[in-house]
Amino acid sequence: MELDLGHVEDRESFSFSEGFELPSFDGGENDCRAVVEARVTKTGIRYLLEAKVDCVLSTECSRCGIPFDHFVSTEFEIVFQRGERSVLPGIEDEDDFVFLSLGDTFSYDIFPRVREAILLELPIKYLCREECAGICASCGTDLNTGRCECSKEEVDPRWAALDRIKVEIDDNQDPLKREE
């Protein structure tokens, strides 16, 4: 994704597509296919890159484990300046401002910025659909396709002693109740 700024006259648009891998939650890799549409505008010694990125990420649902394609759409901008590095008033985020020395061929690889823009848009967990019911933790049944026969009543062992006391009270009547 090499950008050649040396041939930009006033304004130039371009697009490209590239496949790469992104890290997955389980330590593996997910296939990603990104399409970048960009426009470079030259004003004096500065170039403004405006890019729109659409990406399809092949992954698995975090709840049910079914493979699916997750779509990401994002945008970013970068300002390039030819010449010596200088302090510019009003420029606080220098990550979006790149200086190119006079000896450079004015080329810049935007792939790291494309990758970063996609990573910033990824959710905390991937869901095949918002209402995904996941799988049963006891028997592994896919709850999207049917119901499992597992007991839904789970007793926390820390509360078991209190449950026994409640049963005793119910069986022997409330000992705090006064006889009249």
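The values are calculated or read from the model by the stated rules, or taken from the named source; none is laboratory data. Keep in mind it's a predicted model, so treat the numbers as computed, not measured. Ideal geometry is used to build each Cβ from the backbone, glycine not excepted, and the neighbour counts take in all protein chains shown. What goes into the accessible areas is simple: the full protein's heavy atoms, side chains included, and nothing from ligands, DNA or RNA. Shrake-Rupley method; radii C 1.70, N 1.55, O 1.52, S 1.80 Å.
Values as computed for the structure displayed
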quantity	calculated
Residue check for residue 26: at pLDDT below 90 and either of a type in the set (Asp, Glu) or closer than 14 Å to residue 75 by Cβ (or both)	yes
Residue in the range 61-68 that is open to solvent by 60 Å² or more (accessible area, probe 1.4 Å), aliphatic (A, V, I, L, M) and modelled with pLDDT of 90 or more present	yes
Residue in the range 69-114 that is modelled with the lowest pLDDT, counting only those that are in a loop (DSSP other than H, G, I, E, B) and polar (S, T, N, Q)	86
Residues (in a loop (DSSP other than H, G, I, E, B) and among the β-branched types (Val, Ile, Thr)) located in the range 115-170	124, 141, 145, 155
Top-ranked residue of the range 42-60 - restricted to ones that are in contact (Cβ under 8 Å) with a residue 60 or more places away in the chain and open to solvent by less than 60 Å² (accessible area, probe 1.4 Å), ranked as farthest from residue 108 (Cα to Cα)	59
Number of positions in the range 1-22 that are assigned to a strand (DSSP E or B) and at pLDDT below 75	3
Condition met for residue 25 (open to solvent by 20 Å² or more (accessible area, probe 1.4 Å) and either assigned to a strand (DSSP E or B) or among the acidic types (Asp, Glu) (or both))	no
